[in-house]
1. Which residue out of LEU47, LEU115, LEU39 is among the hydrophobic types (A, V, I, L, M, F, W, C), surrounded by 15 or more Cβ atoms within 10 Å (Cβ to Cβ), closer than 30 Å to SER182 by Cα and modelled with pLDDT of 70 or more?
2. Hey, could you check region 136-174 for residues that are under 17 Å from the mean Cα position of the chain (by Cα) and within 23 Å of THR515 (Cβ to Cβ) and say which is least open to solvent (accessible area, probe 1.4 Å)?
3. Checking the conditions here, which among PRO403, PRO376, PRO440, PRO348 is touching a residue at least 12 places away in the same chain (Cβ under 8 Å) and surrounded by fewer than 21 Cβ atoms within 10 Å (Cβ to Cβ)?
4. Let me confirm something: among PRO451, PRO455, which residue is modelled with pLDDT of 95 or more, part of a strand (DSSP E or B) and not polar (S, T, N, Q)?
5. Please list, ordered by first then second residue, the pairs with beta carbon atoms under 7 Å, 6 or more apart or interchain, first in region 254-274 and hydroxyl-bearing (Ser, Thr, Tyr), second at pLDDT below 90.
6. Any idea which of (1) open to solvent by 100 Å² or more (accessible area, probe 1.4 Å); (2) modelled with pLDDT of 85 or more; (3) closer than 29 Å to TYR195 by Cα is the one GLN257 doesn't satisfy?
7. Can you name the residue in region 399-417 that is of a type outside the set (Ser, Thr, Tyr) and touching a helix residue (DSSP H, G or I) at 6+ places or on another chain (Cβ under 8 Å) and, of all such residues, is farthest from ILE458 (Cα to Cα)?
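The values are calculated or read from the model by the stated rules, or taken from the named source; none is laboratory data. As the structure is a computational prediction, the values presented were derived from the model and not from experiment. All Cβ positions, glycine included, derive from the backbone under ideal geometry; neighbour counts span all protein chains shown. Areas reflect the complete protein model, heavy atoms only, side chains present, ligands, DNA and RNA absent. Shrake-Rupley method; radii C 1.70, N 1.55, O 1.52, S 1.80 Å.
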Amino acid sequence: LSDPSVPPSGVSCSGCGAELQCGDGGAPGFVPADKYRSLLSEGPAGLRGAVCQRCWALAHHGSALRLRLPPEQHRRVLSAALRRPPRHGRGPLLLYVLDVMELPDPVLPQLPALLGPDVPAAGVLVVGNKVDLLPADCRGHLGRLRQRVAAACALAGLRGAALVDIRLVSAKTGYGMEGLVSRLQRSWKCAGDVYLLGATNSGKSTLFNTLLRSDYCKSRAPDIIDRATVSPWPGTTLNLLKFPIINPTCDRIFRRQERLKEEAAKTEDQLSIEEKKYLNQLKKQGYLVGEVGRTFQQQKSNTEIDFDPDMLSYSMDEDPRDPPKKHEEREEFTHNEVKDARWCFDTPGIIKEDCVLNLLTEKEVKLVLPSHAIVPRTFILKPGMVLFLAALGRIDYLEGKKPAWFSVLASNLLPVHVTTLNNADTIYEKHTAQEFLKVPMGGEERMKEFPPLVPQDITLKGIGTTEAVADIKLSSAGWVAVTAHAEEELLLRAYTPKGTALVVREPPLLPYISTIRGARIPGTPAYRTKKPPSFVENLRTTGSR
């Protein structure tokens with residue numbers, strides 16, 4: 001399928017930004033040679049807008065082709081981009097995206113070193129993403145989450161003038177996004193280009209795509225620029241993708257504020273059938289929902305900009321087909337539109353080391369990463385009992401005088417099993433890589449290459465029956481909030497796969513999460529689950545004035 005004799009195209013993949021080429025099937029930007037030649041034969045417009053084989057596989061099959069792309073290459077691309085000469089006489093604004101569930105963020109401490117003294121940045125705006133996935137454990141939980149993000153920034157040496165702001169959003173459901181756009185527009189006069197930074201799988205590409213469809217982007221850009229590939233597979237953005245930022249003139253800001261006021265006055269009952277249907281879908285996906293609108297562009301019948309399967313229509317067992325004529329009809333920016341433009345760049349994800357996702361297949365990653373609002377699962381354990389989170393984490397309650405509560409926050413697709421200390425090893429050996437524990441999957445052959453679980457002893461002292469003392473974070477598989485009687489000392493032993501990080505998070509992210517539960521299920525250590533209601537931003541609640 002490859003042909004090393006054909007030189008690279010000089011054209012970027014519209015999904016990941018890698019240079020399209022047909023010479024190396026294991027390198028970024030690969031397109032099968034026959035398809036590559038077919039696109040070249042159409043002239044300059046042929047490759048423009050096409051996606052590489054990897055992006056095509058991600059978009060249509062949810063599978064990621066293995067690529068030879070070491071972490072050093074990610075850092076090199078990112079470092080070179082940040083050291084470009086300042087545009088418009090101003091340094092870049094860095095938009096750092098972190099997954100709030102991953103706090104303390106493993107990559108944030110690397111940020112000062114990555115920037116270095118020779119990067120004239122205008123500052124860092126930190127975006128805590130995926131807040132929609134976390135249930136509210138009490139009133140004001142978002143304020144507490146913001147404090148946790150601020151503490152992580154301070155610990156990483158990011159404070160004072162260097163820290164422009166902290167925003168909590170959901171790039172997926174739109175919550176907080178209009179506020180983020182307004183904040184970014186206020187930074188126009190003191191910043192040049194904008195760079196999205198963050199660890200792999202922090203939701204950076206989803207944020208890029210949402211900003212592309214917002215008032216932050218030039219009005220014609222979504223019609224011209226394809227969206228970044230969004231997939232649960234870590235490191236989907238391999239090079240730099242960009243869109244032009246709209247100049248927030250006084251007139252535009254006024255018109256935007258008028259639109260936001262008009263939308264905030266609506267109730268859910270006033271939405272169209274299609275809008276209600278879309279809103280209900282978002283409510284199923286997250287606890288916090290918002291709408292991202294556009295002021296400066298008339299809505300078209302189809303506002304969703306996605307990869308066209310005919311743009312690069314091949315599969316592993318099909319011959320390439322001739323592309324449609326619409327390649328020649330792609331719009332382009334005019335010189336005047338981009339000559340003085342400021343750009344928003346999506347950068348390669350920074351690889352998280354010691355992360356369990358690095359050990360998993362794409363099918364397993366889809367099960368482990370939460371895609372819908374997390375429903376907390378609480379269990380009451382006595383000393384001598386063991387809790388399994390799939391086969392990726394295990395917590396033994398070794399010593400204590402009283403029962404304690406263990407609340408699991410992880411993908412709803414991951415099974416949780418409670419057993420006794422005497423039976424735990426037998427269950428792990430018998431059911432690992434089987435349906436009972438689910439992940440990893442693949443039977444004995446899979447486990448030959450999967451690292452064993454390694455233990456770490458943890459001592460905790462309870463602070464009350466309604467407030468967790470700490471989270472035991474089982475790498476990126478999820479965490480368990482431990483709640484115990486006041487002054488009660490617990491000895492626990494937690495396990496994660498060898499080479500992955502186990503973190504005791506104090507204070508816990510959601511300290512009152514054990515109270516979000518139903519009645520005890522008779523004869524079991526489990527409580528019935530309880531899912532809090534969703535909250536919709538930008539809509540007036542019925543009956544309010």
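1. Working: LEU47 fails: closer than 30 Å to SER182 by Cα; LEU39 fails: closer than 30 Å to SER182 by Cα.
Criteria check complete, one pass: LEU115.
2. Ranking the qualifying residues of region 136-174, first place goes to LEU145.
3. The unique qualifying residue is PRO403.
4. Selected residue: PRO455, the only one of PRO451, PRO455 that is modelled with pLDDT of 95 or more, part of a strand (DSSP E or B) and not polar (S, T, N, Q).
5. Qualifying pairs under 7 Å: THR267/LEU539; THR267/ARG540; THR267/THR542.
6. (1)
7. It comes out as LEU413.
To keep it simple, each residue is scored yes or no on (1) farther than 24 Å from VAL375 by Cβ; (2) out of contact with any strand residue (DSSP E or B) (no Cβ under 7 Å at 6 or more places or on another chain); (3) surrounded by fewer than 23 Cβ atoms within 10 Å (Cβ to Cβ).
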site	(1), (2), (3)
GLY464	no, yes, yes
ALA470	no, no, no
LYS473	no, no, no
GLY478	no, no, no
ALA481	no, no, no
ALA484	no, no, no
GLU489	yes, no, yes
ARG493	yes, no, yes
LYS498	yes, no, yes
